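Every number in this text was worked out from the coordinates using simple rules, so none of it is lab data. None of these values were measured; they are calculated from a predicted model. Here the Cβ positions follow ideal geometry from the backbone for every residue, glycine too, while neighbour counts run over all protein chains shown.
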Amino acid sequence: MLEKREEFRQRVEELVARFERDVDPHEWITRRYPKRLWDDTRQVYEVPALYLQKGPTSLLLDPIGYDVPGAEGAADLYLMPTYDPTASVYFEGGQWVIHYAFPPDPIANPSTIDPETFPLSAETINQVLDSIAEHAIASV
């Protein structure tokens with residue numbers, strides 16, 4: 001289990017570094033925070049979580065773990081402060097992919113919000129973050 005834990009820790013480190021590198025620095029402010037998790041042997045280990053902010057919109061890239069069905073690791077992207085999950089990032093088939101249901105076009109398709117899977121790239125990171133910020137409703 002130590003091997004899986006270390007592999008996940010390295011993957012999350014790379015994921016967070018990728019978000020930091022690929023987000024538009026003129027639009028988004030990023031800040032890392034340590035997150036403590038339990039492994040299968042009940043040992044505590046740390047991975048980075050990433051706080052992102054664009055104007056009044058705050059998001060958290062929150063690593064979940066390496067023991068998830070259908071993937072070798074997962075992280076959720078939450079809209080803060082409500083912790084509404086808006087996207088999920090999974091390590092599948094040797095790469096990080098992002099699952100995101102873009103807000104529907106009310107005219108073209110008013111009742112469908114089907115999540116789509118995209119390979120993680122600078123373009124998809126910025127597209128997803130900007131879409132979330134555009135459609136976020138400020139908390140009261």
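A few remarks follow.
- Take the convex hull of the alpha carbons in the stretch 12-80; its mean projected area over all directions comes to 5.1 nm².
- The slack in the chain from residue 135 to residue 10, taken as 0.36 nm per residue of separation less the alpha-carbon distance, amounts to 41.8 nm.
- Label point of residue 2 set 7 angstrom out along Cα-Cβ; within the stretch 29-67, amide nitrogens under 20 Å from it belong to 37-47, 66-67.
- Calculated FRET efficiency for the pair residue 72/residue 117, C-beta based, R₀ 25 Å, to 0.05: 0.95
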